[in-house]
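All remarks here apply to the structure that follows.
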Amino acid sequence: MSPYFESYLTVGTFAALGAVLVMVMLGVASVLRPTNPTAAKRATYECGVDPVGSGWSQTYVRYYVFGLLFVIFDVEAVFIFPWAIAAEELGVFGLVAMFLFILTLLEGLAYAIKKGVLRWE
Amino acid sequence: MDVIVDLFSNFWVALLGKILLVALMIPLVGMVIGFAEMKLSAKMQNRVGPYFAGGRWGWAQLIADGVKFFQKEDLIPADADRPVFKTAPIWVLVGTVALFVVIPFGPDLIFRDLSVGIFYALAISSISTIGVLMAGWSSANKYSLMGGLRAAGQLIAYELPLVLAVVGSVILAGTMSMTGIVEAQIEAGYPYIVVQFVGFGIFMVAALAELTRIPFDMPIAESELVMGYLTEYSGFRFLFFFLAEFANMFTLSAIAVTLFLGGYWLPGLSETQLAYLGPIILIAKVFVLVFAMIWFRWTFPRFREDQLQTLAWKWLIPLALANILVTATLKVVL
């Protein structure tokens, strides 16, 4: 088996372990714990009073704009890493290119801030 | 002895050993950090803290807590989205366990030295965000929903500074492999914090926010949201979120130590000494950072939601980008 495949296998096994750990512990606990759900216990918790309306009430999701900004910058980070490894070999050419790239992105961020995306009213 | 070495050179046997090791390590790390948090918090607030369990210093407090959690009823709210509610803790823990793969404990002591090490660590750590959002949405509770949305907004905002702060070290080392970065620091003769203090600062602030710890604990702010996305969780499912938080304190500190503080390396020790002392040095450095995190908790007041977003977007991200450009310029020119 190639080391390449072994790496994937190790990562996959560790990720699976996270799920197995939860299931095994919950399995063991299910033998020890009582199970006696009543309507009062299963009611939605709202500080002790009866819940009002549905739990999935309408909420103003301010964060969707941040979500959009995040996607742009996270993709950018993916582009920065390969250059970061080879920064020395690529030399001045790579440096100038990266300056242009990052400054363009900063301009986008400045525009978003100027537009008032980060203002809360 | 030779038989054992031969046995562990087999990939499958070694993998089994690694799995057992990490399955033991995570609860152990959780307990040690949890207990440290209890005792240090007590010290800082002039209390005694846990005292009775186990006789001296209450050392068995968290073991007693664990046993208690085993006996707790597994309550699921009637309105909850059951499959999502049940699987949310799994996603949180998957991200935590998978992070352990790339932490170098010594020159050859690493679960797997991936060539994309640090990149992998940053990618896998964001899986927990999905778990948190799932927990918040599926609880069918207003507080949970708000907490989950706040958490999502905060975790994505601070993931960017976290990712960008790392790039400085990657430029200096010229590799993303975690062992490679430590070796580059050994070769350079100084830990990267000497030149990357800006990156280290940004990384620690962002790590604190990723852990949703005070002063960045808006998602689970007790005084307004009860317990945020954790409100409806009880018993063992609740414990998994906490276990993941404590284990993540360890892993994120370990990544910070590896990237900025020289990892398992101390100046003046030979290669063979490092092979034996490496894990101890790494864990000692990690606990210094963990102590600082607990210290912060009792020092700073909570950020308001808009201040928190402003800090990330207006300050940390531009600062991290500037840090990348300055580091790269110095590396290329000098």
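Figures for the structure shown
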item	result
Answer residue from the range A:51-74, given it is of a type in the set (A, V, I, L, M) and more than 7 Å from chain B (Cβ to nearest Cβ) and is surrounded by the most Cβ atoms within 10 Å (Cβ to Cβ) among those	A:Leu69
Filter result for A:Ala112 (of a type outside the set (Lys, Arg), surrounded by 13 or more Cβ atoms within 10 Å (Cβ to Cβ) and closer than 26 Å to A:Phe66 by Cβ)	yes
Of all residues making up the range B:34-67, the number that are of a type in the set (Lys, Arg) and surrounded by 16 or more Cβ atoms within 10 Å (Cβ to Cβ)	1
Test result for B:Ile156, without any contact (Cβ under 8 Å) to a residue 40 or more places away in the chain, among the β-branched types (Val, Ile, Thr) and surrounded by fewer than 24 Cβ atoms within 10 Å (Cβ to Cβ)	yes
Which listed residue is within 7 Å of another protein chain (Cβ to nearest Cβ) and either surrounded by 10 or more Cβ atoms within 10 Å (Cβ to Cβ) or free of Cβ contacts under 8 Å to residues at least 12 places away in the same chain (or both), from A:Ala16, A:Ala40, A:Ala29	A:Ala29
Some residue of the range B:188-208 being assigned to a helix (DSSP H, G or I), modelled with pLDDT of 85 or more and at the interface with another protein chain (Cβ under 9 Å from one of its Cβ atoms)	no
B:Lys314 under 30 Å from A:Ala87 (Cβ atoms) and under 19 Å from the mean Cα position of the chain (by Cα)	no
The range B:114-169: number of residues that are closer than 17 Å to B:Ala80 by Cβ and not in a helix (DSSP H, G or I)	3
A:Gly48 being at pLDDT below 80 and more than 7 Å from chain B (Cβ to nearest Cβ)	yes
Test: residue in the range B:83-101 that is in a helix (DSSP H, G or I), under 30 Å from B:Leu274 (Cα atoms) and touching a Lys or Arg at 6+ places or on another chain (Cβ under 6 Å)	yes
Sole residue being β-branched (Val, Ile, Thr), over 30 Å from A:Arg119 (Cβ atoms) and either more than 7 Å from chain B (Cβ to nearest Cβ) or loosely packed, with under 10 Cβ neighbours inside 10 Å (or both), chosen from A:Val11, A:Val24	A:Val24
Some residue of the range B:225-234 being over 30 Å from A:Phe70 (Cβ atoms) and within 13 Å of another protein chain (Cβ to nearest Cβ)	yes
Restricting the range B:1-46 to residues that are within 20 Å of B:Trp298 (Cβ to Cβ) and of a type in the set (Lys, Arg), the residue that is farthest from the other protein chains (Cβ to nearest Cβ)	B:Lys43
In the range A:95-121, the residues that are at pLDDT 85 or above, over 24 Å from the mean Cα position of the chain (by Cα) and not basic (Lys, Arg)	A:Leu95, A:Val96, A:Ala97, A:Met98, A:Phe99, A:Leu100, A:Phe101, A:Leu103, A:Thr104, A:Glu107, A:Tyr111
Lone qualifier among A:Phe14, A:Phe73, A:Phe79, A:Phe93 - being part of a helix (DSSP H, G or I), in contact with a helix residue (DSSP H, G or I) (Cβ under 6 Å, 6 or more places away or on another chain) and farther than 23 Å from B:Ile103 by Cβ	A:Phe73
Matching option when the condition is more than 9 Å from chain A (Cβ to nearest Cβ) and not in a helix (DSSP H, G or I), among B:Asp74, B:Asp79, B:Asp108	B:Asp108
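The values are calculated or read from the model by the stated rules, or taken from the named source; none is laboratory data. Given the structure is predicted, the values throughout are model-derived calculations rather than measurements. All Cβ positions, glycine included, derive from the backbone under ideal geometry; neighbour counts span all protein chains shown.
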